[in-house]
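All of the numbers you see were taken from the coordinates with simple rules; none came from a lab. Computed from a predicted structure; not experimentally measured. Neighbour counts are summed over all protein chains in view; Cβ atoms, including those assigned to glycine, are modelled from backbone coordinates with ideal geometry.
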Amino acid sequence: MKLVVFAASSSSKSINKMLVSYAASLVEAEETEVLDLREYELPLFSIDKEEELGKPELARKFLDKIGSADRLIISFAEHNGNYSAAYKNLFDWCTRSNPKVYQNKPTLLLSTSPGGRGASTVLGIAEAALPRFDCDIRATLSVPSFTENFDTEEGKISNPEIQDQLEAAIKLLLA
């Protein structure tokens with residue numbers, strides 16, 4: 001099984017990347033690939049840019065990475081109650097090549113933030129929207145108060161209840 005994971009953030013210090021990388025470490029997979037959205041930065045999407053540039057190679061490469069996966073884990077950063085601009089822009093470019101961006105891959109959706117809601121607003125948006133783009137959502141989990149529930153030095157969840165919830169979500173992903 002090949003597992004592809006990414007944080008829907010372009011921050012080099014992304015707490016969502018820490019979370020998704022940790023979640024990936026709990027999955028027994030022959031191959032795990034952690035994507036970095038900074039490697040897929042594209043001009044701001046618009047019809048004018050699409051007419052000028054066509055379908056960018058980076059969007060195709062990202063779609064190919066999704067296509068190569070047997071399972072996906074995505075952790076969403078929340079920027080003002082919505083997707084990060086980096087994720088949304090890449091996603092918009094990808095939909096122009098293939099509206100079925102997630103190619104019916106079984107997917108675990110995560111989110112976290114420093115606040116008590118754990119980016120649950122953007123997780124709800126993703127949970128409602130991604131099935132329209134052929135995402136087979138198997139489970140979701142929001143991790144609130146990241147710094148209180150995740151040991152950044154150890155690189156793992158420190159809250160036993162949240163750890164149990166994550167392990168249950170991974171079981172659903174793999175079922």
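The residue list V34, Q165, S46 was ranked by how far each Cα lies along the charge dipole of the chain toward its positive end, using unit charges on Cβ atoms, and S46 comes out on top. Which listed residue (V101, A69, S14) has the Cα farthest towards the positive end of the charge dipole for the chain, taking +1 on Lys and Arg C-beta and -1 on Asp and Glu C-beta about the Cα centre? Projecting each Cα onto the dipole axis, the largest value belongs to V101.
In this structure the amide hydrogen of N159, modeled in the peptide plane, comes within under 5 Å of no amide hydrogen from residues 5 or more places off or on another chain.
Per DSSP H run of n ≥ 4, the term is -39500 (n - 2.57); total these for the chain, divide by its residue number, and report the mean residue ellipticity at 222 nm rounded to 500 deg cm²/dmol. About -12000 deg cm²/dmol.
Sorting 68-74, 156-162 by average packing, meaning the other beta carbons within 10 Å per residue, from highest down gives 68-74, 156-162.
Seen against the Cα atoms of the chain and their longest principal axis, helix 120-129 is set at about 50 degrees. Among 94-103, 110-119, sorting by the average number of other beta carbon atoms lying within 10 angstrom of each residue, highest first, gives 110-119, 94-103. Quick check: the angle from helix 15-25's long axis to the longest principal axis of the chain, C-alpha only, nearest 10 degrees? Result, in degrees: 70. Within the straight-line cut-off of under 24 Å between alpha carbons, the lysines reachable from K156 are K2, K13, K17, K171, sequence neighbours fewer than 8 places apart in one chain being disregarded.
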